[in-house]
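Reviewing the structure listed below.
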Amino acid sequence: MIPIHELKQGDYVITDFEGVKRPGAVKRINPDEKQACVETEVQEFWYEEDQLLGIPLDESQLMELNFKKEILPDGSIKYMKGSFRIVVPQGGDFSQLDIWYREDFRHHPDIHFVHQLQNHYLQMTKVHLTDEAMA
C-alpha cells in the first residue's frame, strides 16, 4: 500500500484490482477520498490507496527510466540521467544509495520504490522523472 500523500501526478505504481496487478502512471489524486486515478495499459481508473503498490527500485527500473550506468574503480556503481546522479555501494544494493543534483546531495535518503525516487528527483530538479531519454 502507498499512502496517497506520497504520490504525485506522473508517479509510476502498480495497481492491484481483485488480484490482477498492472503497472501504471498516476494521472490525478483525490486526497480527500484517499484515491488516485492511474492509467494502465487497459484503462484509467480510480484506486484506493490499499490497491496501490510501489515498484521496487533496482537496476532494471533505472534502465527503464533511461539512466546510464558507470562502474567505478572501488566497485560502486553510478547511475546518471542528465546532471542527476545515484551511487550505490555495490551492484544490486539499493539500500544505501546516495543521490545528488548540482549542489543538492542526499546521503542515504529513504528511497525503496520508484515513486519515491521520482519525488526526490522532482524536489531536486523541479522536473518530473519519466522514462523519456534525455537529449
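Points to keep in mind about this one:
- In this structure the amide hydrogen of residue 129, modeled in the peptide plane, comes within under 5 Å of the amide hydrogens of 122, none closer than 5 places in sequence on its chain.
- Compared with the direct C-alpha span, the chain from residue 50 to residue 132 gains 26.7 nm at full extension, assuming 0.36 nm per residue.
- Nonlocal amide H pairs with residue 35, under 5 Å, H built at 1.01 Å: 30
- FRET efficiency, residue 16 to residue 106 (Cβ-Cβ, R0 41 Å, nearest 0.05): 0.85
- The charge dipole of the chain, taken about the Cα centre with unit charges on the Cβ atoms of Lys, Arg (+1) and Asp, Glu (-1), comes to about 540 debye, rounded to the nearest 20.
- In order along the range 20-31, phi translates into HN-Hα couplings of 8, 9, 9, x, x, 10, 5, 9, 8, 10, 10, x Hz, rounded to whole numbers, per the Karplus curve 6.51 cos²θ - 1.76 cosθ + 1.60 with θ = phi - 60° and x for Gly and Pro.
- Range in the chain, longest, excluding exposed GluC sites (Glu not before Pro) [loop by DSSP; at most 13 other beta-carbon atoms within 10 Å]: 42-102
- The distance between label points at residue 122 and residue 64 comes to 1.8 nm (points 7 Å beyond Cα on the Cα→Cβ vector).
- Across the range 59-125, the mean sequence separation of Cα contacts (distance under 8 Å, 6 or more residues apart), normalised by length, yields a relative contact order of 19 percent.
- Amide hydrogen proximity for residue 10: with H placed 1.01 Å from N in the peptide plane, the residues at 5 or more positions away or on another chain lying under 5 Å are 26, 27.
- For Rg/Rh (Cα atoms, Kirkwood Rh), computed directly from the structure shown, the correct entry in [x] 1.50; [y] 0.96; [z] 0.99 is [z].
A short reminder: the numbers here are calculations on the coordinates, not readings from a lab. Keep in mind the model is a prediction, meaning the values are calculated, not measured. Here Cβ is always computed from backbone atoms with ideal geometry, including for glycine, and neighbour counts include all displayed protein chains.
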